Amino acid sequence: MECCSTRRSPLVSSFVCPSPKWTPRMITRSRDRVSMAIPLPPRNPNDPFLSNLAFTASGSQAKPRSDDTPPLLDLVANITPRLMAGHAQVERASYNEHRPRRPPPDLPSLLLNSRIIFIGMPLVPAVTELVIAEFLYLQWLDPRQPTYVYINSTGTSREDGETVALETEGFAIYDTMMQMKNEMHTVAFGAAVGQACLLLAAGKKGKRYMLPHAQVLLQQPRLPATGQMPAIDVHIRAKELIHNRDTFVKLLAKHTGNPFETVAKAMERPFYMFPRQAVEFGVADKILWQGQEAIGDTPSPDEWDKRAGIKLVERPVAYGAGSGGLG
């Protein structure tokens, strides 16, 4: 009797016969038990999920892939959720397929992505730094596209007139706008006071807009609180303030097309301008109203009736019951 250690089966290559009492029939039964195939599920050539499961169960090698995606990763990510989800879940997933997969950025970043720079605070140093950085970034991004500057600012002062920043903050933004290669389209809404009015007028000619209820205010630059300052220091700061005022008047006269004396006289006292007056003065070019249509004067109720063809008929005065009339 031949020992099984001298005749090894290819399916049981690591088998070592412990004793010469093994017979060929016993070896045949062991071979049949080891070579028993795992039952495969029915294959559907049109179902990639079942096909991959069949390949995995049979121990065969996976199909060659052309990309670098790990095996079965795309199958589990794309097919399995749909197979395990109900009808309502699949419908809900189709509705939300365009929703962002991560939280959106902050709103100023979304506006900047649309090339919109929003100035909604007094021109303090922090605001000036941010606005100038946005100008430089948009020019680096694409110098051919226009930049839209939305203005709702009280300039270098607060609503109550207290000075919160130097006039040079407004000049810094203005100089940066003049150096940019992009077209500057300015839009005023709310209020544009002082230096903010200069920024509105500094936009490209024909691209300076105002909303129907926006306001523009021209006013003299103001000296911050001096406190316990010597008289000579107050005099020096007053000379600087007058220089800044003359610079402001000169720049505003340049962009509005008015003489220097006209702008200086208008600034002697606080000078409020509504959209139509601002267009006439040269601060803005157009009033935005329902698709960039110029707003007109609102007619009176009698004018509306006249246009509609309604004629008013005067009724006789009716006296109270029981009065007996006249006489």
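The values are calculated or read from the model by the stated rules, or taken from the named source; none is laboratory data. Worth saying up front: this structure is predicted, and the values here are computed from it rather than measured. No Cβ is skipped: glycine too gets one built from the backbone with ideal geometry, and neighbour counts run over all protein chains shown. All accessible areas refer to the heavy atoms of the entire protein, side chains included, with ligands and DNA or RNA removed. Shrake-Rupley method; radii C 1.70, N 1.55, O 1.52, S 1.80 Å.
Points worth noting:
- Each residue was assigned an accessible area with a 1.4 Å probe, and for Trp289 the value is about 90 Å².
- Protection-proxy order for peptides 231-241, 198-208, each taking the mean of Cβ atoms within 10 Å per residue, highest first: 198-208, 231-241
- Taking θ as phi - 60° and the Karplus parameters 6.51, -1.76 and 1.60, the scalar couplings of region 194-203 work out to x, 5, 5, 5, 5, 5, 5, 6, 7, x Hz in sequence order, x denoting glycine and proline.
- Accessible surface, 1.4 Å probe, highest first, among residues Ser157, Ser109: Ser109, Ser157
- Cα shape, region 150-227, gyration tensor, a/c 1.5 rule: oblate
- Global geometry of region 180-272, whether rounded, prolate or oblate, following the gyration tensor of its Cα atoms and the 1.5 cut on a/c: prolate
- Mean Cβ count within 10 Å, highest first, over the residues of peptides 262-272, 210-220: 210-220, 262-272
- Using θ = phi - 60° and Karplus 6.51 cos²θ - 1.76 cosθ + 1.60, couplings along region 121-136 (whole Hz; Gly, Pro as x): 9, x, 7, 7, x, 5, 5, 4, 4, 5, 5, 5, 4, 5, 4, 5
- Residues Leu141, Leu288, sorted by accessible area with the largest first, give Leu141, Leu288 [1.4 Å probe; ligands and nucleic acids excluded].
- Net charge dipole, region 205-247: roughly 340 debye, given to the nearest 20, about the Cα centre with Cβ charges of +1 for Lys and Arg and -1 for Asp and Glu.
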